[in-house]
Amino acid sequence: MPIITYREALNQALDEEMARDESVFLIGEEVGEYNGAYKVSKGLLDKYGPRRVIDTPITELGFTGIGVGAAMAGLRPVVEWMTHNFALLALDQVVNNAAKMRYMSGGQFKLPIVFRGPNGPAEYLAAQHSQALQTYWTHVPGLKVVAPATPYDAKGLLKSAIRDDNPVVVLEGELMYAWKGEVPEEEYLVPIGKADVKREGTDVTIVTYSKPLKVVQEAADVLAQEGIQVEIVDLRTLRPIDEETVYQSVRKTNRAVVVDESWPVVSVGSHMAWLISKNCFDVLDAQVELVASEDIPMPYNHTLELAAQPSVDKVIAAVKKVLYLGE
Amino acid sequence: MAERIPMIALSPTMEEGRILSWKVKPGDSVKGGMVLCEVETDKATMEYESPREGTVLKLIRQEGESVKVGEPIAWIGKPGEQVPDEVEPSRPSPLYSQAAEGTKPTTTTETTPREILPEKALSPVSDQPLAPHLTTGVSTKSSPLARKLATELGIDIRRVPGSGPSGRVIKRDVLRFHESAGKLPQKEVVSTATLSQPRMDREVPVSGMRATIAKRLSESFFTAPHYFLRVAVQMDALMDARSRYNAEGTQKISLNAFFIKLAAEALRRHPQINSTWKGTTIQIHGSIDIGLAVALPEGLITPVVRNCAGKGIREIDQELTALIQKAKQGGLKPEEYTNATFTISNLGSFGIEEFTAIINPPGSAILALGEIRKEPVVTDQDEIVVRRVLRMTLSCDHRTIDGAVGAAFLKDLKDMMEDPFRILL
């Protein structure tokens, strides 16, 4: 099976879906001539022309609104945000139009639109450009939110997102674009709303998604050397969330740690921890622990920047806490 | 923040526990689950596992002290942390608060009296309210899974010592308790199917009670130099007398009550037997407190009848019956089974002819009674007659009792058993 980058996987998904369906088009800043700020749309302008790969001014609210209108008119736009930090400017279009139109029109309008771009901290980007904003999208009924952590999931989920008749927000990651992984040559889809057990274990369940998966996998390797078998559930989709896969795992391990790189207050992670506490109450042998980023704006200082985010050490400490193992 | 560690209920009925030995000292760092001290509960000696991790800052109570559930025993916190100026607790409640007068506790508090600061002695015992769950006498913190497991296994979760934070009972505690509670499959009946299969070894965890028996009796047998005196006693006079009294229709008197009374009478005449070796001194006990070994499924226990010299046989019998009943229900308090000054072990009902017993400390001697059986006896007139004979063996600690002293006691006891009127002489 070919090993390709996360970036290439997304590119393949866009390419395949644009070839498959003429109503699919890409719109955003630098997506055409520059081949994308992170080169995800590389070669697409040449292949599909400027009618389907559209460069826009720096106007997030504007081009996101154009996308929503196009979707209502029957096209299948893919709106690229250079990062989710900038997408805050487009929040009104997403929350009040994209997420609401199907409901408020009594189903007369479908909103087959994808909003995608890198989310979460990268490096040396400071407080305004280094935020994990998934909570903003996941909070809103009417949206679907996916957060693939591997090239395989990225390609499969983006294809599913483009084919979905509802607005789907895709959370990518600047540091993840270069991650490599196996992606089959033949076509496949990853269904929205289905979590994936990335590692099987018996002692503790770690629920995570997106970039922290790698931190969690490293922590699991370290813990395995101490005889602690970690089961990793990768949510992949944040809305609708695949609760059953999580509960099945927790019923097996009796312990859960949630690892989420956004802030800890009213986050996807804290919501997940609540769901587990509520629905797995009788099988829990310990409180559910949450490893999140620190509740602060991201520091520019690199040491502090790293210290503010979930780390292997933090994950190990949380696992030992729920296993009642002293440090 | 330093945390005051309270005595917790280590058995469901425990109201207070005696700290037998500290396993930590100030300055030691402890982890949750590490043993802080051994506590003698009303049932057994239990290990008190630390409810939290940190550094032991102070031990409030000393070895040998009895502490009520909920009262603080130690402080644990960060190294070097200052412990709030603790109001010294009032003197520990005497071990024998409910026992007969004339008895003294043989705890270490006797030899190392506590300092009571006058200005503090007037203050209330504790300035901090105790957590409500501690005053109920049980540890109620438990994980949901532990509760579910306990229900499934039919375990009262309040009996399970918790090893989680603040004594929380977690899954492993329930499983450990389940294993050690002898809840092993009760299929001891050998079926034909299992006969053909190899009988597998199995490891049975040592219960707290068994550990105590092992420790105490090993200590006794390997430190006290035992010797044994054996006599045969003709029991006809005593047996006939008992039959007569029992025929009066009132409560039947057990034979053991007669033995206890007669032994008490002999002990009164030979006080050296009723003693304890203390290393530099020998303690001659004022009260004659006789323990009777009782076999329970979990192990051996010796309910103690206090002050036997001052009690009649019926009174002794009533007390004994109540104590044995309590022992079988597992409800004996420590003061009801500890510190016998003399012990009797009777294996007659098993058809044992005679046997030797290991001295039950702090006593200096133990009397082992065999079966009463008819035997041919040669009388003073050289006639062979059939008599009911009891063979008994006295085990003595040679440190306190020389052979002649033990023999004199045993002779008096034998004479009184053969001719109970001698009690009055």
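Annotation for segment A:24-133: trypsin sites (Lys or Arg not before Pro) lying in DSSP loop with at most 11 further Cβ atoms inside 10 Å of their Cβ are A:R51. By the helix-only formula, in which each DSSP H run with n ≥ 4 contributes -39500 (n - 2.57) and the sum is divided by residues, chain A has a 222 nm mean residue ellipticity of -10000 deg cm²/dmol. Accessible surface computed residue by residue for the protein assembly as shown, with neighbouring protein chains in place and a 1.4 Å probe, gives 47 Å² per residue. Residues whose amide H falls under 5 Å from that of B:R391, counting only those 5 or more places apart or on a different chain, are B:V233, B:G370, B:E371, with hydrogens built in the peptide plane.
Note on B:S180 and A:A317: with the Förster distance fixed at 25 Å, the Cβ-Cβ geometry gives a FRET efficiency of about 0.20. In segment B:29-58, burial by the other protein chains removes 10 Å² or more of accessible area from B:K31, B:E53, compared with the chain on its own (1.4 Å probe, ligands and nucleic acids ignored). Residues whose amide H falls under 5 Å from that of B:L296, counting only those 5 or more places apart or on a different chain, are B:I301, with hydrogens built in the peptide plane. Each of B:F222, A:F115 has its accessible area taken with a 1.4 Å probe; listed largest first, they run B:F222, A:F115.
Overall, the protein assembly as shown carries a charge dipole of about 1720 debye about its Cα centre when +1 sits on the Cβ of Lys and Arg and -1 on the Cβ of Asp and Glu, all other atoms neutral. Inter-part distance, segment B:230-272 to segment A:100-117, computed on C-alpha centroids, equals 98 Å. Accessible area buried by the pairing of A and B, both sides summed with a 1.4 Å probe, works out to roughly 1000 Å². Between the beta carbons of A:M104 and B:S166, assuming R0 = 35 Å, the FRET efficiency works out to 0.10 to the nearest 0.05. Looking at segment A:120-176, the chymotrypsin sites (Phe, Trp or Tyr not before Pro) that sit in a DSSP loop and have at most 13 other Cβ atoms within 10 Å of their own Cβ are A:Y124. Please report the net charge: other residues with Cβ closer than 13 Å to the Cβ of B:E371, K and R +1, D and E -1. Residues close to B:E371 contribute a combined charge of +1. Dividing the mean sequence gap of close Cα pairs (under 8 Å, 6+ apart) by how many residues chain A holds gives a relative contact order of 16 percent. Rounded to the nearest Hz, the phi-derived 3J(HN,Hα) couplings of segment A:290-307 under the Karplus curve 6.51 cos²θ - 1.76 cosθ + 1.60 (θ = phi - 60°) are 10, 9, 10, 6, 5, 7, 8, x, 5, x, 7, 3, 5, 4, 5, 4, 5, 5, where x marks glycine and proline. Annotation: extensible slack from A:H129 through A:N279 equals 50.4 nm (criterion: 0.36 nm per residue apart, minus Cα-Cα distance). If you roll a 1.4 Å probe over the protein assembly as shown with all protein chains in place, what percent of the accessible area is carbon or sulfur? With neighbouring chains kept in place, the figure for the protein assembly as shown is 55 percent. Per residue of B:254-267, other chain Cβ atoms within 10 Å of the residue Cβ number 0 on average. Projecting label points 7 angstrom from Cα along Cα→Cβ for A:A178 and A:R251 puts them 4.3 nm apart. Here each label is just a point 7 Å from Cα along the line to Cβ, and for B:R269 and B:A407 those points are 1.7 nm apart. Solvent-accessible surface of protein heavy atoms, probed at 1.4 angstrom with all chains present, puts A:Y6, A:Y34, A:Y103 in the order A:Y103, A:Y34, A:Y6, largest first. Residues of segment A:273-305 that bury at least 50 Å² of accessible area once all protein chains are present, compared with their chain alone (1.4 Å probe, heavy atoms only, ligands and nucleic acids left out), are A:D282, A:D285. Within 10 Å of the Cβ of each residue in B:172-179, the mean number of Cβ atoms contributed by other protein chains is 1. With a ≥ b ≥ c taken as the square roots of the eigenvalues of the C-alpha gyration tensor of the protein assembly as shown, please select rounded if a/c is under 1.5 and otherwise prolate if a/b is larger than b/c or oblate if it is not? Prolate shape, in that a/c is at least 1.5 and a/b is the bigger ratio. Computed from phi, the 3J(HN,Hα) profile of segment B:418-425 under the Karplus parametrisation 6.51, -1.76, 1.60 (θ = phi - 60°) reads 7, 9, x, 4, 4, 3, 7, 6 Hz, with x in place of Gly and Pro.
Which pairs break 25 Å Cα to Cα here: A:K194/A:K214; A:K314/B:K31; A:K39/A:K211; A:K194/A:K320? Flagged as over cut-off: A:K194/A:K320. Rounded, prolate or oblate: which fits segment B:204-337, taking a ≥ b ≥ c as square roots of the Cα gyration tensor eigenvalues, rounded meaning a/c under 1.5, else prolate when a/b beats b/c? Oblate is the answer for segment B:204-337, as a/c is 1.5 or above yet b/c matches or exceeds a/b. Under a 5 Å amide H cut-off, with hydrogens placed 1.01 Å from N, B:E49 pairs with B:L36 among residues at least 5 apart or on other chains.
With a simple spin-label model that places each label point 7 Å from the Cα along the Cα-to-Cβ direction, the separation between B:V206 and A:V197 comes to 4.1 nm. Under 11 Å from a point placed 7 Å out from the Cα of B:K215 along the Cα-to-Cβ direction: which residues of segment B:13-28 have their backbone N that close? Correct set: B:19-23. Taking other residues whose beta carbon is less than 13 angstrom from the beta carbon of B:F228, and scoring Lys, Arg as +1 and Asp, Glu as -1, yields 0. Sparse packing (at most 16 other Cβ atoms within 10 Å of the Cβ) combined with a DSSP loop state is found for the following GluC sites (Glu not before Pro) in segment A:196-305: A:E200, A:E226, A:E294.
Put A:Y38, A:Y324 in order of accessible area, highest first, and with a 1.4 Å probe you get A:Y38, A:Y324. The spacing between segment A:62-91 and segment A:120-166, judged by their C-alpha centroids, is 14 Å. Taking a point 7 Å out from the Cα of A:D21 in the direction of its Cβ, the residues of segment A:111-142 whose backbone N falls within less than 13 Å of it are A:111-115.
Here the Karplus relation 6.51 cos²θ - 1.76 cosθ + 1.60, evaluated at θ = phi - 60°, turns the backbone of segment A:96-108 into coupling constants of 8, 9, 4, 6, 10, 4, 5, 5, 6, 9, x, x, 5 Hz, with x for every Gly and Pro. In the protein assembly as shown, a dipole from Cβ-located charges (positive for Lys and Arg, negative for Asp and Glu) runs towards its positive end, and of B:G310, B:S345, A:Y38 it is B:G310 whose Cα lies farthest in that direction.
If R₀ is 22 angstrom, what is the calculated FRET efficiency for the pair B:A247 and B:D419, using the beta carbon separation as r and rounding to 0.05? In this case the efficiency is close to 0.60. Summing charges over all other residues whose Cβ lies under 13 Å from the Cβ of A:E231, with Lys and Arg as +1 and Asp and Glu as -1, gives +1.
The values are calculated or read from the model by the stated rules, or taken from the named source; none is laboratory data. Keep in mind that this is a model prediction, so the values were computed, not measured. Cβ sites come from the backbone with ideal geometry, for glycine too, and all protein chains shown count toward neighbours. For the accessible areas, the whole protein counts, side chains as well, though only heavy atoms, and no ligand, DNA or RNA atoms are used. Shrake-Rupley method; radii C 1.70, N 1.55, O 1.52, S 1.80 Å.
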